[in-house]
Amino acid sequence: MATDVHRAVSPSQAELSGKDGEESAAVHVRGLSRTFDGRRVIDDLQLAVQPGEFVALLGRSGCGKSTLLKILAGLDRDIEGTVLVPRRKATAFQAPRLMPWKKVWRNVLLGLPDKPERAVAERALAEVGLDHRVDAWPKTLSGGEAQRASLARALVREPDLLLLDEPFGALDALTRIKAQRLVGELWQRRGCAVLLVTHDVEEAVLLADRVLVMDDGVIAHETEIDLPRPRDIADPGFAELRTHLLDHLGVEAPTHT
């Protein structure tokens, strides 16, 4: 798997490749720091995500989650430390960011080299259940449809790493459940590594193999989600994990009477 390396370190620091199993990881971050106006939003962070692993990242607003994702996506390179990520990666954000003057299929192919044929977009749209909207204009899409188009645009890149920045945050409850199910199915079918940034603890437990809690610019806690799939939110083990993670986020779990 080819990798991109983003680095801002002293020349004396050793190269990552081939050391301590780092070369085999889908994501390997070492000593990562990011400063804005003198404030360290990310502070000497360490992170590894294995190929095919689904990791969810939780944390309070402002803890650095989205900043970390942008760094992994290559959108922010003003860093200290070393970041090793696959060359084939794709990102889907909360806002679908579709170009309103391009039809859906053209949005899916946006930015791809070598001018791929329309059939490439059609296959990706069919995979997310949007083949009936291939020729639609973005303004005619529902919120859920627009988010699926954004996912198709990510998947058409055949990523080894899929980065999701709260992609369901703006969706209504029912559409959100459908989108979560779709992402879980796509991940199992594609086998790529996924890093999902979310505020929703239930969503994290529902989808992830491992949940990380970010606080003050570092990974402060991690929990393995050892529950069979598909997962049931009514499962006592699910509720126990949700309560455990809420406690690490400093939130009291709701009680039901």
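The values are calculated or read from the model by the stated rules, or taken from the named source; none is laboratory data. In this text, all values refer to a predicted model and were calculated from it rather than measured experimentally. Cβ coordinates were reconstructed from backbone atoms using ideal geometry, including for glycine residues, and neighbour counts include every protein chain displayed. For the accessible areas, the whole protein counts, side chains as well, though only heavy atoms, and no ligand, DNA or RNA atoms are used. Shrake-Rupley method; radii C 1.70, N 1.55, O 1.52, S 1.80 Å.
Points to keep in mind about this one:
- Loop exposure criterion: GluC sites (Glu not before Pro), DSSP state outside H, G, I, E and B, at most 13 other Cβ atoms within 10 Å. Applied to the chain, the longest stretch between such sites is 118-251.
- Projected label distance in nm at E224 and E117, using a 7 Å step from Cα toward the beta-carbon: 4.6
- Candidates I79, I219, I233, ranked by Gaussian network fluctuation over the chain, Cα under 10 Å, top entry: I233
- Evaluating kT/(6 pi eta Rh) at 20 °C and 1.002 mPa s, with the Kirkwood radius of segment 194-257 over Cα pairs in the Stokes-Einstein relation, gives 174 µm² s⁻¹.
- With q set to 0.14, 0.17 Å⁻¹, the log10 of I(q)/I(0) for the chain, from the Debye formula over equal scatterers at the Cα positions, is -1.00, -1.35.
- Segment 152-252: radius of gyration and largest Cα-Cα distance (Dmax), Å: 13.9, 41
- Evaluating 6.51 cos²θ - 1.76 cosθ + 1.60 at θ = phi - 60° for every residue in segment 51-67, the Karplus couplings come out as x, x, 7, 9, 10, 10, 10, 10, x, 5, 4, x, 7, x, 4, 5, 4 Hz, glycine and proline recorded as x.
- Rg(Cα) / (2.2 N^0.38 Å) computed for segment 107-208, rounded to two decimals: 1.06
- Partners for K139 among lysines (Cα-Cα distance below 25 Å; same-chain residues under 8 apart left out): K102, K103, K115, K178
- Approximate spin-label separation R190-K178, in nm, with each point projected 7 Å along Cα-to-Cβ: 2.0
- Calculated on C-alpha atoms, the gyration radius of segment 36-142 divided by its Kirkwood radius gives an Rg/Rh of 1.04.
- Å² of accessible area per residue within segment 134-257, as computed with a 1.4 Å probe and no ligands counted: 48
- Stokes-Einstein D (µm²/s) once Rh is taken as the Kirkwood radius of segment 103-161 over alpha-carbon pairs, at 10 °C in 1.306 mPa s: 142
- Expressed as a whole percent, the accessible area of the chain that falls on carbon and sulfur atoms is 49 (1.4 Å probe).
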